[in-house]
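Read the structure below first, then the notes.
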Amino acid sequence: GNSVTQMEGPVTLSEEAFLTINCTYTATGYPSLFWYVQYPGEGLQLLLKATKADDKGSNKGFEATYRKETTSFHLEKGSVQVSDSAVYFCALSDGGRRALTFGSGTRLQVQP
Amino acid sequence: DTAVSQTPKYLVTQMGNDKSIKCEQNLGHDTMYWYKQDSKKFLKIMFSYNNKELIINETVPNRFSPKSPDKAHLNLHINSLELGDSAVYFCASSQGHTGELFFGEGSRLTVL
């Protein structure tokens, strides 16, 4: 079956530090990949996506590249802000069923 | 206007009681979901409806019964509540197979 593995958190960084949150996946076929973000007390929001190999998704300074050879979709940001503090979820959709498979989430804490 | 709205936001109840959570989306989407998020932030799909038809029913106790009166609404009824049902329940919606879900703010259920 499909699965998504994320690095365990929390990840604690100082403002303006570089961020990487690792995500690897297992799926049959060619899934679409997503990063969702959950701010405290809120529902999840789509942050970025990539639908095929070598695609790069980007939004709000965050980027992730769909790497089929390493089955990875790592999230990066060059300079984090306190307002980026949230839980980040990697997810995949195989298109065959209308439910995303989520990773376990990684909490990011950014300190001033 | 809230795209996906859930009520109530908080529920505190005793073991053995029955409770319902309501969800409405005004995005015109054809698919709605219920996810359960546990205390460790792990998200698990429970149910999915497409145009009022149940298409995903994961291994969920039959105390949980979803109902979709129309494609804009998906309600969740829970009978005989147990301590382990304490969680945040998220409703979400999507259109097509894009994997782009829109989430409500969640309903935090506490069973005492």
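Taken together, the values in this text are just the output of simple stated rules run on the coordinates, not laboratory data. Given the structure is predicted, the values throughout are model-derived calculations rather than measurements. All Cβ positions, glycine included, derive from the backbone under ideal geometry; neighbour counts span all protein chains shown.
Worth pointing out:
- If you plug the beta carbon distance of A:Glu8 and B:Leu83 into 1/(1 + (r/R0)^6) with R0 = 22 Å, you get a FRET efficiency near 0.25.
- Of the residues A:Lys49, A:Lys68, A:Lys60, the one that moves most in a GNM of chain A with alpha-carbon contacts below 10 Å is A:Lys60.
- Label separation (A:Ser83 vs B:Asn17): 3.9 nm, computed from points 7 Å beyond Cα along the C-beta direction.
- Full extension of the chain segment joining B:Thr59 with B:Ser39 gains 5.3 nm, where the gain is 0.36 nm per residue of separation less the Cα-Cα distance.
- Cβ-placed point charges (K, R +1; D, E -1), dipole of chain B about Cα centre in debye, nearest 20: 260
- Relative exposure of B:Phe103, A:Phe73, A:Phe18, B:Phe64, judged by other C-beta atoms within 10 Å (fewest first): A:Phe18, B:Phe64, B:Phe103, A:Phe73
- In order along the stretch A:20-27, phi translates into HN-Hα couplings of 9, 10, 7, 8, 10, 9, 10, 7 Hz, rounded to whole numbers, per the Karplus curve 6.51 cos²θ - 1.76 cosθ + 1.60 with θ = phi - 60° and x for Gly and Pro.
- Proximal aspartates and glutamates to A:Lys49, defined as alpha-carbon separation beneath 14 angstrom and excluding residues fewer than eight positions away on the same chain: A:Glu63, A:Glu76, A:Asp94, B:Glu100
- Entry note, the stretch B:1-54: relative contact order of 28 percent, from Cα contacts under 8 Å with a spacing of 6+ residues.
- Dimensions of chain B based on its C-alpha atoms, expressed as ranges along the principal axes with the largest first, amount to 38, 27, 26 Å.
- According to the Cα-based calculation, Rg over Rh for chain A is 0.96, with Rh computed by the Kirkwood formula.
- Relative contact order (%) - criterion: Cα under 8 Å, at least six apart; region: chain A: 37
- For A:Ile21, B:Ile45, B:Ile56, order by how many other beta-carbon atoms lie within 10 Å, fewest first: B:Ile56, B:Ile45, A:Ile21
- The Cα-based radius of gyration and maximum Cα-Cα distance (Dmax) for the protein assembly as shown are 17.6, 51 Å.
- Choice from B:Glu100, B:Glu53, B:Glu82 showing the highest fluctuation, given a GNM over chain B with Cα pairs closer than 10 Å: B:Glu100
- Cut-off 14 Å between beta-carbons: net charge of the residues surrounding A:Ala17, Lys and Arg +1, Asp and Glu -1: -3
- Extension gain from A:Thr70 to A:Asn22, taking 0.36 nm per residue of separation minus the Cα-Cα distance: 16.1 nm
- Percent RCO, i.e. relative contact order, over the stretch B:8-112, from Cα pairs under 8 Å lying at least 6 residues apart: 37
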